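Worksheet for the structure shown next.
The values are calculated or read from the model by the stated rules, or taken from the named source; none is laboratory data. Note that the structure is predicted; figures quoted are calculated from it, not measured. Glycine also receives a Cβ, built like all others from the backbone with ideal geometry; neighbour counts cover every protein chain displayed. Note: areas computed on protein heavy atoms with side chains; ligands, DNA, RNA excluded. Shrake-Rupley method; radii C 1.70, N 1.55, O 1.52, S 1.80 Å.
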Amino acid sequence: MPAVLSTVTTIVALLLAALALLAAARNRAPDRVQFIGTIVVSVAAVVLVGAAVVSWIGGHTPVEITTFLGYALTMLLLPAGAWIVGRMEPTRFGSLIVGVAALIVPVLVLRIGQVFGA
């Protein structure tokens, strides 16, 4: 699993978290910028998980297969789920939901790297 993809995914997720949490502090609902950020984080997560799966097919088996599948599925579904729930709450708490979910993504990136033994 390339370190560049992990770094990019982490940085993009942290930027989204900063934007969303700043919006929550300013008492703003989720907006178009957060939506675009969520899409970018989702695409980065798909690319990262795809690279991990290709690495797995190439012979580098994760230490814990079930754990890897759980983290990968969570990383793929979390940004979109947070956006949906955040839009259902059109207050600053919607932005807070998006921001906290974006803070979870770097943790998942770290754990997937650890499961692969990187």
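Sequence gap at least 6, Cα distance under 8 Å: using those rules, report the relative contact order of the chain to the nearest whole percent. Could the numbers behind the result be given before it?
Details: 150 pairs, mean separation 51.3, N = 118.
About 43 percent, as a whole number.
So what is the accessible area of the chain per residue, in Å², with the probe set to 1.4 Å? Working shown, then result.
Working: 6420 Å² over 118 residues.
On a per-residue basis, the chain sits at 54 Å².
Taking every eigenvalue of the Cα gyration tensor of region 29-82, multiplying by 5 and rooting it, what semi-axes result, largest first, whole Å? Mind dumping the intermediate values first?
Details: eigenvalues 148, 28, 5 Å².
Three semi-axes, in Å: 27, 12, 5.
Hey, could you grab the Kirkwood Rh for the chain? Inverse mean 1/r over distinct alpha carbon pairs, Å, one decimal.
14.2
Mean separation of Cα pairs under 8 Å and 6+ residues apart, divided by the residue count of region 53-118: what relative contact order is that in percent?
Numbers: 43 pairs, mean separation 28.3, N = 66.
The value is 43 percent.
From the residues Ala13, Val53, Leu108, which one has its Cα farthest along the dipole of the chain in the positive direction, the dipole being from +1 and -1 charges on Cβ of Lys/Arg and Asp/Glu about the Cα centre?
Checking the options against the dipole of the chain, the answer is Ala13.
Name the trypsin sites (Lys or Arg not before Pro) in region 11-41 that are in a loop by DSSP and that have at most 11 other C-beta atoms within 10 Å, would you? Working shown, then result.
Details: sites: Arg26, Arg28, Arg32; in loops: Arg26, Arg28.
In loop regions of region 11-41 (DSSP not H, G, I, E or B), the sparsely surrounded trypsin sites (Lys or Arg not before Pro) are Arg26.
Given a 1.4 Å probe and every protein chain left where it sits, what share in percent of the accessible area of the chain is carbon and sulfur? Please report the intermediate quantities before stating the final value.
Details: 4710 of 6420 Å².
It is 73 percent, rounded to a whole number.
Given a cut-off of 18 Å, what percent of all Cα-Cα pairs of region 3-51 lie beyond it?
Working: 375 of 1176 pairs.
When every Cα pair of region 3-51 is considered, 32 percent fall beyond 18 Å.
Helix-only mean residue ellipticity at 222 nm, the chain, DSSP H runs n ≥ 4 weighted -39,500 (n - 2.57), per residue, nearest 500. What is it? Present the calculation step by step, with values, prior to reporting the outcome.
Details: 4 runs with 97 residues, N = 118.
After summing the helix terms and dividing by residue count, I get -29000 deg cm²/dmol.
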